[in-house]
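Read through the structure below, which is laid out as structure tokens, and then see the notes.
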């Protein structure tokens with residue numbers, strides 16, 4: 001019997017991800033993967049509601065549908081890049097071709113995932129994106145602690 005892939009975070013941390021898509025099935029698929037983990041999944045159906053959630057919650061990963069009529073994933077990337085602790089953006093699309101992948105990575109997205117989601121690929125990519133965000137997020141705090149204790153070097 002095949003084990004269900006699981007989203008991982010360390011045992012004391014509840015990680016948060018934001019699913020941005022006007023497609024309810026996207027949210028359902030992500031929730032199915034996140035359901036038995038220590039992850040909180042926030043959901044938004046448009047850019048405006050996504051930005052509202054980002055202002056209220058500490059989000060470690062944003063998983064965003066390519067098309068957010070009348071906006072696109074690029075409209076999501078712009079305000080993300082202005083955040084002090086910007087979470088990585090994973091772009092999703094049924095048409096996840098080389099062109100989208102190259103464009104997304106060149107503009108600053110973390111990765112592109114094809115739909116329908118491969119649960120193992122979703123888990124791997126989301127976990128790695130969150131770990132990258134957490135590492136960037138923790139470095140300034142660690143540097144401050146070293147400076148405060150005089151152990152930096």
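Since every read-out is calculated from the coordinates, none of them should be taken as a lab result. All of these numbers come straight from a predicted model, not from anything done at the bench. Cβ placement follows ideal geometry from the backbone for every residue including glycine, while neighbour counts extend to all protein chains displayed.
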Using a Förster distance of 25 Å, the FRET efficiency for residue 102-residue 135 (Cβ separation, nearest 0.05): 0.50
- prompt: What is the packing order of peptides 108-114, 70-76, taking the mean over residues of other C-beta atoms within 10 Å and listing the highest first?
  reply: 108-114, 70-76
